[in-house]
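J.: Just passing along the structure, written as structure tokens.
The values are calculated or read from the model by the stated rules, or taken from the named source; none is laboratory data. Worth saying up front: this structure is predicted, and the values here are computed from it rather than measured. Glycine also receives a Cβ, built like all others from the backbone with ideal geometry; neighbour counts cover every protein chain displayed.
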Amino acid sequence: MIKAILIFNNHGKPRLSKFYEHYTEDTEQQIIRETFHLVSKRDENICNFLEGGLLIGGSDNKLIYRHYATLYFVFCVDSSESELGILDLIQVFVETLDKCFENVCELDLIFHVDKVHNILAEMVMGGMVLETNMSEIITQVEAQGKMEKSEAGIAGAPARAVSAVKNMNLPEMPKNINIGDISIKVPNLPSFK
Amino acid sequence: MALKIVKGSIDRMFDKNLQDLVRGIRNHKDDEAKYISTCIDEIKQELKQDNIAVKANAVCKLTYLQMLGYDVSWAAFNIVEVMSSSKFTYKRIGYLAASQCFHEGTDVIMLTTNQIRKDLSSPNQYDTGVALTGLSCFVTPDLARDLANDIMTLMSHTKPYIRKKAVLIMYKVFLKYPESLRPAFPRLKEKLEDPDPGVQSAAVNVICELARRNPKNYLSLAPLFFKLMTSSTNNWVLIKIIKLFGALTPLEPRLGKKLIEPLTNLIHSTSAMSLLYECVNTVIAVLISLSSGMPNHSASIQLCVQKLRILIEDSDQNLKYLGLLAMSKILKTHPKSVQSHKDLILQCLDDKDESIRLRALDLLYGMVSKKNLMEIVKKLMLHVDKAEGTTYRDELLTKIIDICSQSNFQYITNFEWYISILVELTRLEGTRHGHLIASQMLDVAIRVKAIRGFAVAQMATLLDNAHLLTGNTQRNGICEVLYAAAWICGEFSEHLEDPMQTLEAMLRPKVATLPGHIQAVYVQNAAKLFATVLRKHDGETESQAAQETSQLLIDRLPLFVQSANLEVQERASCILQLVKYIQKLQQKNVEVAEEVTALFAGELNPVAPKAQKKVPIPEGLDLDAWINEPPSESESEDEKPKAVFAKEEPKHSRSRHTEVDEKELARRREVRKQEQANNPFYIKASPSSQKVYDAPGVEHIPVVQIDLSVPLKVPGMPMSDQYLKLEVERRQKEKAERKKKEKKKKREKRGKERKADSGPESEEDITPAHQVDIVTEEMPENALPSDDDDKDPNDPHKALDIDLDKPLADSEKLPVRTHRPEALKSPAEDRDSESVPQETKKKSGKEKKKDKEKDRKRSKEEKKKKKKHKEVEEELLESQPEEAVQSEETKEAAAPPTSTSAEEVTAPSSAAAAVDTSSAAAPESEPDEPKDTEPEDTKSSKHKKKKQKKEKEEKEKKKKKRHHHHHQHHSDAGGEDSVQNGTVEEEEPLPPMSNYSLLAENSYIKMMKEDADQVYDIQGNHQDESKVVVSVIFENKSDSFLKSMEFNVLDSLNSKLQRPEGAGAHDSLTVPFQLPPGVSNEARFVFSVQSIIMPQKLKGTLTFIVKSDESSTHEKLDFKLHFTCTSYLITTPCYSDAYAKLLESGDLKGSSLRLEGINMPFHHLLARICFHHHFSVVERIDSCASMYSRSIQGHHVCLLVKTSDQTVSIDAKCDEPSLLGNVLDEIKQTFSKC
């Protein structure tokens, strides 16, 4: 089981938090802080596993994380998950984000956290891995996006126009902040279908 | 309308959307909290608006704020509103918000049941998907119970997308509602062989999760998984299965034997490291389970270790880490094969990665031997010095202690070395593990007698240099060692060289800054030291030293008498008085030394930690019985405050000595000795007496002469390194001696026995530097061998420990929702409950009894079955996988209830329908075989409710009455045919009531319509249109196969049949199933109704093809659908005060009805009104009752029912007179038929 999925940046600002067990908001923040504290002080090029997410679960749990440019992707899992498998899952997740957002960067996650949640929901459900095949995930996400668009229809047009205008006078929306080396070496698990 | 939409979207333009909110927060870095609070205010305003788009936008923003740590539970209701939007866009926002912040404590969650059910059966797969995803995050026991059946149906959905989600969510449902596991398991098992790999993987996932917690229940699936393992190419699935086998093998070693070969093949063939790693892991698990009894699998072990070595040597830190992790598993059973890789592991200790170092440390634990212990610990000590960060250093410290103390100090050859290590460890600043070191010091000093002299000297030095340890007492956990040091010095003070100096050190004013429990030990042991000093100077007349000591104590103790700590204060004042008294005696030149030493005479022996618990309860002693009568409630409350004081006592207190004069003390001591002599559980002080009470498990290692080749004392603070050197020298010397001896021996018996011992010296050759008497911990006699069950009682998985191989009993089925207050779901779901004809219902009473009997029998059966299963499994395991699966199938066939599975049929409007294989046309099925003839879930919750009602009534009155009961309560829906004679009920006070009325019938088919239509109105659509669901049972009466059934209704202005999008107004709907002979099934049709105040009749036709062996004909059946006004009422509970207010309001218009000749008890009457007309009783007083119901469009209907002498008068009020009139007419009809 996956107990929690957290994404935060190099300064510990949460970009996505998904807990598959209930905690109060305060505890959640504490977990995020503590996880950030644990993960951020680790060098690059050391192993991606950390034992004892102290707040979640207990000794059975592990933190498995990957660091991409400015973002940490942390999965808290118990012993029923394969460590290398989860590492690959993170990779699939990030690659999917990259496809869906076209060169994903931290800003995409900041402004479209709902979309990230929707993508994640196609991969992990209630703490269990639902789908690992990237093209399948993207197909489902896109189909739902299409539905959303068709529902918005004419009524949605003015709102879209407004948000387009709003975005126009914003110099701070640099696209293409690449998440950098997405091709961190993955232990080869090629047939992930 | 269009204008409204445009206006709404223009409004929206000026609302902040999520992006604006995020942007705003980023622009207000300085006053973020303030900005967010204004945003929350805005959101609150937005939530008040009617426009669902605005609400959804607000909820979307709340979801973001929730992530930032803001509590948004106050908006839970709005979230539910957004969830129930008909637009997917909003629905998804709602469900996302719910999944982020709903939990079991959220009260509005119970409002979502119907909405979720509706979404689950939505024709749009993404509606269903979004509902499943959301539900997986916030499912509660109630939701699980109510929706289990719906989800189970979805497991056979046509779309794999839905199937895999439904399969996966079942795990959550099982956790919350364990009763669902057995009924749902057969279908889950089917899904293991689903054609879609995603669904298959989901099923494997769920079963693996289940099996991980309760593996023994899933052993019977082993052959199936074995087949999957050999056939699947999906690495995810393989990994899960292989992990599952890892959990199963300890329970079934023969499975392990089978596994080794395919796993080894996989290890050789796979290129995926994750798979390789899991294979190695499972092979290890297999080997562990086989380790006893199996000859040798050294090849496999070698393969594993070799593969792991490759992992550890890899440059990828992740692989290195996992390699070490797996290595530690091998270590437990095959330490030898790991020990040969010691170099590699020691190398990992230098790794820059802390996780890897920790793993390597774990491995070291199992790798130490007498030979290398000192060397390894030396290396660790170096790391301790180098370590940055207290966590890792503390980890090192505990590991060092663990390694040294493991299995009763087995590997320690030189305890002086160990004590010096401990003393060296005390120099660590800021460690949390002071108490750990302290307990080790105590342990060694108490249990290793030979070391006491050395230990005491070391401890005295520690005490003397206490200031070094107590730099900052508050933070510094290391001062705990002073506790041990003081105690050791006091207890074994006879070994002290200069007790006076130590005493002085213990009474320094600075001691008062130590924690209370340590001070207490100081004071107590100061008294012991005092006694020692006195004895030392015993015999010297007018000993200056002795008197000085007394004076020292008298001077210093008052400091402790003033201590805030009660324990310290009490001890100090006792001892102070004692010393004062002694001083007086000394001045009179009285010999006191003897008496004072007697105070602390006797020796302490170590006691096993569990000893107390293991004292057997003597026969005849009932610990649960009251000694005195229990005090009344109020008294116990009064006593509570007292407990507060008891808690304050420090934990580390030794038994206190009361302050009494010598004589009294002596007397008491005598009495105590007497008592102890008679008490078998008291642990005697002298070893000689211990032999008398030779308790089982207490073994004494004989005391051996101390080898004086090693100097017992190293001056000053010890350096453990010196010992290492000495040890090496000693060993070499020993070796040389031994060789000499061996040579002699060899010469003596040449060729007879050749020891292959030339290489490195083996374990046994190393003799300890000084053999020590390691006193084992004592246990009481007759200690109970039981060990505690370590299972956590709160583990949710405990409830899922269910035998899955047992055939399903009747009582085990998923609750199916009751027909009334709930919303639409797919037609198939209610198949089981409603398709059961009345005759079976009649039996239900009997069956229940039978169930109980069955329960009793079950345990017996279970045992038998288990035996059987074992046999079956044995066969399976021996046989080839293919065969195994075959037999699995036969097994299934033998237990038909588990195989009442679903065939998939698509329904045009809603969802997949499962065909019920149970035969409704054969209602008179043998009561002896209910298991075989009834579907797994015939008993719906509705039935249960009814039964409960019945039982209640039975208790009230045991009347014998015969009732003729008509199932037809509508006027004339089907002409003459419609009147169906009810069954004759015997001895059942409350007749069963059915909602089904005959709709139409011919020689081929019978249609029954449920009278209480499912009613709901769409939220957001408000008053203008309501939907009514009609469920119709189709029963095939002929011997032929019925197919291509099409259902059509002529729409009226007011009521229309809902047809799928794109269909014309006159198109017919295809019934989503076919009917084999004698089978019945249920379909549901949705109608939209404008006005509900009048009853409606709709004409309809059913066309179908009758297919027999020879021919097929096209047939047609006409029917009339009757919508009563009653069917628009929803049972709604109402509190009496609200009810009174409603009546007072004056908005309601009245009407009344009089029924004559009603010959039934009043509660029957009420039950009928409740059941057939959807009312609930608000209040009942004698023969008068008030009742309430509400229409789907919000009309209140109130009834006042009175009865006297077969006459019933009903006064009714409603805000819609014509609705009321019609309802009353219908009530009248109901009773006119009685």
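J.: I need the full set of residues from the stretch B:212-246 which are surrounded by fewer than 20 Cβ atoms within 10 Å (Cβ to Cβ) and under 11 Å from A:SER82 (Cβ atoms), in order please.
T.: Scanning the stretch B:212-246 gives no hits.
J.: State whether the residues of the stretch B:336-347 include one that is surrounded by 20 or more Cβ atoms within 10 Å (Cβ to Cβ) and under 38 Å from the mean Cα position of the chain (by Cα).
T.: yes
J.: Are there any helices (runs of 4 or more DSSP H) wholly within the stretch A:32-123 with 1 or more residues that are more than 26 Å from B:PRO160 (Cα to Cα) and of a type in the set (Val, Ile, Thr), and if so which?
T.: Details: elements: A:83-101, A:106-111, A:113-123.
Here the list reads A:106-111, A:113-123.
J.: Follow-up question, since we're still on this one. Got a sec? Which strands (runs of 3 or more DSSP E) wholly within the stretch B:1164-1234 have at least 2 residues that are surrounded by 20 or more Cβ atoms within 10 Å (Cβ to Cβ)? Break it down into steps so the answer makes sense when it comes.
T.: Numbers: elements: B:1176-1181, B:1184-1191, B:1196-1204, B:1207-1214.
Result: B:1184-1191, B:1196-1204, B:1207-1214.
J.: Got a sec? Which helices (runs of 4 or more DSSP H) wholly within the stretch B:78-150 have at least 1 residues that are assigned by the TED database to the domain that holds B:LYS44 and aromatic (Phe, Trp, Tyr)? Spell out how you get there, then give the answer.
T.: Details: elements: B:88-101, B:113-120, B:125-138.
Counting at least 1 such residues, we get B:88-101.
J.: Answer yes if at least one residue in the stretch B:1107-1125 is in contact with a Ser or Thr (Cβ under 6 Å, 6 or more places away or on another chain) and farther than 19 Å from B:ILE1005 by Cβ, and no otherwise.
T.: No, the conditions are met nowhere in the stretch B:1107-1125.
J.: Pairs needed: first member in the stretch A:5-25, at positive phi; second member anywhere, buried (at least 17 other Cβ atoms within 10 Å of the Cβ); C-beta distance under 8 Å; at least 6 residues apart or different chains.
T.: From residues that are at positive phi, the pairs are A:GLY12/A:ILE32; A:GLY12/A:PHE36.
J.: Would the stretch B:271-282 turn up any residue that is in a helix (DSSP H, G or I), away from every other protein chain (no Cβ under 14 Å) and within 25 Å of A:LEU130 (Cβ to Cβ)?
T.: Of all residues in the stretch B:271-282, those in a helix (DSSP H, G or I) come to B:273-282.
Checking the rest, the ones that are also away from every other protein chain (no Cβ under 14 Å) come to none.
No, there is no match, as no residue in the stretch B:271-282 is in a helix (DSSP H, G or I), away from every other protein chain (no Cβ under 14 Å) and within 25 Å of A:LEU130 (Cβ to Cβ).
J.: Further question: Looking only at the stretch B:95-113, how many residues end up being more than 9 Å from chain A (Cβ to nearest Cβ), in contact with a His (Cβ under 9 Å, 6 or more places away or on another chain) and not aliphatic (A, V, I, L, M)?
T.: Of the residues in that region, 0 qualify.
J.: I've got another one for you. May I ask you to list the residues in the stretch B:151-172 that are of a type in the set (Lys, Arg) and not in a loop (DSSP other than H, G, I, E, B)?
T.: Result: B:ARG163, B:LYS164, B:LYS165, B:LYS172.
Table: residues versus (1) in contact with a Cys (Cβ under 9 Å, 6 or more places away or on another chain); (2) within 16 Å of A:TYR68 (Cα to Cα); (3) within 8 Å of chain B (Cβ to nearest Cβ); (4) not hydrophobic (A, V, I, L, M, F, W, C).
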position	(1), (2), (3), (4)
A:SER82	no, no, yes, yes
A:LEU87	no, yes, yes, no
A:VAL92	no, yes, no, no
A:THR96	no, yes, no, yes
A:LYS99	no, yes, no, yes
A:VAL104	no, yes, no, no
A:LEU109	no, yes, no, no
A:ASP114	yes, no, yes, yes
A:HIS117	no, no, yes, yes
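J.: Looking at B:LEU168, B:LEU120, B:LEU147, B:LEU175, which one is buried (at least 19 other Cβ atoms within 10 Å of the Cβ), closer than 25 Å to B:ILE52 by Cβ, in contact (Cβ under 8 Å) with a residue 24 or more places away in the chain and under 26 Å from the mean Cα position of the chain (by Cα)?
T.: Details: B:LEU168 fails: closer than 25 Å to B:ILE52 by Cβ; B:LEU120 fails: under 26 Å from the mean Cα position of the chain (by Cα); B:LEU175 fails: closer than 25 Å to B:ILE52 by Cβ.
That would be B:LEU147, the only listed residue that is buried (at least 19 other Cβ atoms within 10 Å of the Cβ), closer than 25 Å to B:ILE52 by Cβ, in contact (Cβ under 8 Å) with a residue 24 or more places away in the chain and under 26 Å from the mean Cα position of the chain (by Cα).
J.: In this structure, does B:ALA601 turn out to be outside any helix (DSSP H, G or I), out of contact with any His (no Cβ under 7 Å at 6 or more places or on another chain) and either among the charged types (D, E, K, R) or surrounded by fewer than 20 Cβ atoms within 10 Å (Cβ to Cβ) (or both)?
T.: On the way: outside any helix (DSSP H, G or I): yes; out of contact with any His (no Cβ under 7 Å at 6 or more places or on another chain): yes; either among the charged types (D, E, K, R) or surrounded by fewer than 20 Cβ atoms within 10 Å (Cβ to Cβ) (or both): yes.
Here the answer is yes, as B:ALA601 does meet what is asked.
J.: Every residue in the stretch B:1037-1085 that is more than 29 Å from B:THR1124 (Cα to Cα) and part of a loop (DSSP other than H, G, I, E, B), please.
T.: Selection gives B:SER1038, B:ASP1039, B:SER1040, B:GLY1062, B:GLN1074, B:PRO1076, B:PRO1077, B:GLY1078.
J.: If we scan the stretch B:621-644, do we find a residue that is under 30 Å from B:GLU494 (Cβ atoms) and either in a loop (DSSP other than H, G, I, E, B) or modelled with pLDDT of 75 or more (or both)?
T.: Residues of the stretch B:621-644 that are under 30 Å from B:GLU494 (Cβ atoms), as a first pass: none.
No; the residues of the stretch B:621-644 include none that is under 30 Å from B:GLU494 (Cβ atoms) and either in a loop (DSSP other than H, G, I, E, B) or modelled with pLDDT of 75 or more (or both).
J.: Conditions first: (1) surrounded by fewer than 20 Cβ atoms within 10 Å (Cβ to Cβ); (2) of a type in the set (A, V, I, L, M, F, W, C); (3) free of Cβ contacts under 8 Å to residues at least 40 places away in the same chain. B:ILE400 passes all but one, so which condition is the exception?
T.: It fails just one condition, (1).
J.: Here is a follow-up. List pairs: first in the stretch A:121-133 and facing chain B (nearest Cβ under 8 Å), second surrounded by fewer than 22 Cβ atoms within 10 Å (Cβ to Cβ) and among the polar types (S, T, N, Q), Cβ under 9 Å, 6+ apart or cross-chain?
T.: Matching pairs, first to second residue: A:GLU131/A:GLN140; A:THR132/B:ASN234.
J.: Based on what the data block shows, is B:LEU1153 within 28 Å of B:GLN1096 (Cα to Cα), touching a residue at least 40 places away in the same chain (Cβ under 8 Å) and assigned to a helix (DSSP H, G or I)? I'd like the intermediate steps shown before the answer.
T.: Working: within 28 Å of B:GLN1096 (Cα to Cα): yes; touching a residue at least 40 places away in the same chain (Cβ under 8 Å): yes; assigned to a helix (DSSP H, G or I): no.
It is false that B:LEU1153 is within 28 Å of B:GLN1096 (Cα to Cα), touching a residue at least 40 places away in the same chain (Cβ under 8 Å) and assigned to a helix (DSSP H, G or I).
J.: A follow-up question, please. Exactly one condition in (1) more than 27 Å from B:ALA438 (Cβ to Cβ); (2) without any contact (Cβ under 8 Å) to a residue 24 or more places away in the chain; (3) within 14 Å of chain A (Cβ to nearest Cβ) is false for B:ILE312; which is it?
T.: Of the numbered conditions (1) more than 27 Å from B:ALA438 (Cβ to Cβ); (2) without any contact (Cβ under 8 Å) to a residue 24 or more places away in the chain; (3) within 14 Å of chain A (Cβ to nearest Cβ), the odd one out for B:ILE312 is (2).
J.: Could I ask something else about it? With B:LEU482, B:LEU422, B:LEU436, B:LEU503 as the choices, which residue is at pLDDT 85 or above, over 27 Å from B:HIS383 (Cβ atoms) and not acidic (Asp, Glu)? Steps first, please.
T.: Numbers: B:LEU482 fails: over 27 Å from B:HIS383 (Cβ atoms); B:LEU422 fails: over 27 Å from B:HIS383 (Cβ atoms); B:LEU436 fails: over 27 Å from B:HIS383 (Cβ atoms).
It is B:LEU503.
J.: Here is a further query. Identify all residues within the stretch B:57-94 that are within 13 Å of chain A (Cβ to nearest Cβ), under 24 Å from B:PRO141 (Cα atoms) and either within 25 Å of the chain's Cα centre (by Cα) or surrounded by fewer than 21 Cβ atoms within 10 Å (Cβ to Cβ) (or both); write none if there are none.
T.: Across the stretch B:57-94, the qualifying residues are B:ASP71, B:SER73, B:TRP74.
J.: Pull up the stretch B:183-213, narrow it to residues that are farther than 18 Å from B:ASN234 by Cβ and in contact with a Leu (Cβ under 6 Å, 6 or more places away or on another chain), then point me to the one that is nearest to the other protein chains (Cβ to nearest Cβ).
T.: Checked the stretch B:183-213; the qualifying residue nearest to the other protein chains (Cβ to nearest Cβ) is B:ALA211.
J.: Given the conditions (1) touching a His at 6+ places or on another chain (Cβ under 7 Å); (2) within 13 Å of B:LEU1224 (Cα to Cα), which single one is not true for B:ARG1154?
T.: Going through the list (1) touching a His at 6+ places or on another chain (Cβ under 7 Å); (2) within 13 Å of B:LEU1224 (Cα to Cα), B:ARG1154 breaks only (1).
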